[in-house]
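Some notes on the structure that comes next.
The values are calculated or read from the model by the stated rules, or taken from the named source; none is laboratory data. Only a predicted model underlies this, so the values are computations on that prediction, with no experimental measurement involved. For neighbour counting, all protein chains shown are included, and Cβ atoms are generated from backbone atoms with ideal geometry for every residue, glycine included.
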Amino acid sequence: MVLVAVAALAGAWVGARRPAAKVAAVATGPGPGIVDRPVVHTIHSVPMAPEHLLSGGDLVPHVFTPRLTAEAAIVVDAGTGRVLWALNPHRHLRVASLTKIMTALLALHKLAPNDVVTVAKSVPRVPLVREGLRAGEKVKAWKLFYSMLLYSGNDDALALAIAAGGDKWTFVGEMNNEAHRLGLHDTHYVSPSGVVDRDNYSSAWDVAALSRVALRNERFRTIVRTKEIQVKWSAPTYSKIYINNNLMLRSYAGANGIKTGYTHAAGDCLAVSATRHGHTLIAVLLNAPNMYVDATRLLNFGFAAE
């Protein structure tokens, strides 16, 4: 079986840099084990926004020695919304592909797994990391969700935004409206992918709050905990392999999400969830040169403090 990289020239601008994500086109006939259906079939209505997604009144005093490398960080109890510890939690920072958490949340509410998305002409022209969607191509929505959240394809994000919102800018407006509805006052979006840094920002607090909402969606949870998936594709590709950029899924016991991000301006960004002994924590690190070490320390502290 010969694997041909779809995004060979994409670089590592969006999504985790180390190692680069893998999307491969398998130029053979479909074989056993290749998925051609979504794992979860349900679609949910948009929930009412809770009064307070996070509560920061009962932090656990702690000084990390050595200090975390992140410019901003937070760890919260996903069940209660209690903030356990935070560093510059409301600082407005670029968040790169963590933007796709909001894109996924909105598009999942609007698109059923087997809805067919026709790839718009503008989609293949989106900058930087792309899985290689072709204009006019018809793709089931669930495949685009896997590629967007695992591989972090910017073309997938734009294709889903257009399908869910009618056009890119209507969808971006809906992203900002939803941020306002959820009380994410540190957040502003200018694209569905996060590839554009200017005026696209959030905070560790807001990303954690948004992640708490997203994890309530069964389809979202199923996707972001997936380490690798091979899906059927139309000829001449036949199948593609999506490998999750989030290395915490392989290195941290109990890790089950969520999303990586990187641009030169944003630095390394990570939202990660993990569950142990029935408790789920969410940790967010922004502009963190050593984000996986930071995340491991932050989650270890959080579970010890629970």
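Observations on the structure shown:
- Of the residues making up segment 166-187, those that are free of Cβ contacts under 8 Å to residues at least 12 places away in the same chain and part of a helix (DSSP H, G or I) are 169, 170, 173, 177, 180.
- Of all residues making up segment 116-125, the number that are outside any loop (DSSP other than H, G, I, E, B) and surrounded by fewer than 19 Cβ atoms within 10 Å (Cβ to Cβ): 4
- If only residues of segment 276-306 that are touching a His at 6+ places or on another chain (Cβ under 8 Å) and outside any loop (DSSP other than H, G, I, E, B) are counted, the one that is surrounded by the fewest Cβ atoms within 10 Å (Cβ to Cβ) is 305.
- Checked against (1) under 28 Å from residue 239 (Cα atoms); (2) in contact with an Asp or Glu (Cβ under 8 Å, 6 or more places away or on another chain), residue 184 passes all but a single condition, namely (1).
- Filter pass, residue 213 being β-branched (Val, Ile, Thr), crowded, with 20+ Cβ neighbours inside 10 Å and in contact with a strand residue (DSSP E or B) (Cβ under 8 Å, 6 or more places away or on another chain): no
- Residues of segment 144-162 satisfying the condition of being touching a Lys or Arg at 6+ places or on another chain (Cβ under 8 Å) and not acidic (Asp, Glu): 145, 147, 148, 149, 151, 152, 153, 154, 157, 158, 161, 162
- Residues of segment 210-228 that turn out to be of a type in the set (D, E, K, R) and either under 16 Å from residue 151 (Cβ atoms) or not in a helix (DSSP H, G or I) (or both), as a count: 4
- Scanning segment 248-275 for residues that are part of a loop (DSSP other than H, G, I, E, B) and surrounded by fewer than 17 Cβ atoms within 10 Å (Cβ to Cβ) yields 253, 254, 264, 265.
- Unique match (being touching a residue at least 12 places away in the same chain (Cβ under 8 Å), touching an Asp or Glu at 6+ places or on another chain (Cβ under 8 Å), assigned to a loop (DSSP other than H, G, I, E, B) and buried (at least 17 other Cβ atoms within 10 Å of the Cβ)) among 231, 195, 190: 190
- Only a single item in (1) touching a residue at least 40 places away in the same chain (Cβ under 8 Å); (2) closer than 30 Å to residue 59 by Cβ is not met by residue 154, and it is number (2).
- Which listed residue is under 18 Å from the mean Cα position of the chain (by Cα), at pLDDT below 95 and either surrounded by fewer than 21 Cβ atoms within 10 Å (Cβ to Cβ) or under 24 Å from residue 226 (Cβ atoms) (or both), from 144, 158, 128, 150: 128
- Output for segment 91-110, where each listed residue is closer than 12 Å to residue 159 by Cα and of a type in the set (A, V, I, L, M): 104, 107
- Selection status of residue 113, touching a His at 6+ places or on another chain (Cβ under 8 Å), under 22 Å from residue 244 (Cα atoms) and part of a loop (DSSP other than H, G, I, E, B): yes
Yes/no per residue for (1) among the basic types (Lys, Arg); (2) within 14 Å of the chain's Cα centre (by Cα); (3) more than 30 Å from residue 173 (Cα to Cα):
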{"residue": "201", "(1), (2), (3)": "no, no, no"}
{"residue": "210", "(1), (2), (3)": "no, yes, no"}
{"residue": "227", "(1), (2), (3)": "yes, yes, yes"}
{"residue": "249", "(1), (2), (3)": "no, yes, yes"}
{"residue": "287", "(1), (2), (3)": "no, no, no"}
{"residue": "291", "(1), (2), (3)": "no, no, yes"}
